[in-house]
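Asker: I'd like to ask you about the structure that follows.
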Amino acid sequence: MGGGNKAPQVVPIQAAIQSFGGFTFVTVTFTATLGTVDIDITNHTTGQYLQGEMLAVPGTQSIPISGAPGWYTISFTLPDGRIYEGEFEL
């Protein structure tokens, strides 16, 4: 059985946490047109939950979050059902 090398998958979503003047944002960069994407952000420490959707087109968009300290998860559900998830701590 040959294993072969698998090329890394290119993920069409990049996210970073940024803070400006006391406000905290998840800054999302879409590298492809994906359509309407469902977004869920949960702070597991405080129980805060944010759900929404955005039109994913190439470029950067910002999502305001509370900025409360805690362990967060974020997920993006694409129109075809694929889910991309990440975690971060503030």
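Asker: For percent of Cα pairs over 17 Å apart, the choices are (i) 45; (ii) 51; (iii) 69; which was calculated from the structure?
Answerer: Here percent of Cα pairs over 17 Å apart agrees with entry (ii).
Asker: Place a +1 charge on the Cβ of each Lys and Arg in the chain and a -1 charge on the Cβ of each Asp and Glu, then give the dipole magnitude about the Cα centre in debye, rounded to the nearest 20.
Answerer: Around 220 debye, computed over the chain.
Asker: Right, here's the next one. Looking at Pro12, Val26, Thr42, which one has the Cα that reaches farthest to the positive end of the dipole of the chain (charges on Cβ: Lys, Arg +1; Asp, Glu -1)?
Answerer: The one lying farthest along the dipole's positive direction is Pro12.
Asker: Could you tell me the relative contact order of segment 13-89? Use alpha-carbon pairs under 8 Å, at least six residues apart, and round to a whole percent.
Answerer: 31 percent
Bear in mind that the values in this text are calculations on the coordinates, not laboratory data. What you are looking at is a predicted structure, and each value in this text was computed from that prediction instead of being measured. Cβ sites come from the backbone with ideal geometry, for glycine too, and all protein chains shown count toward neighbours.
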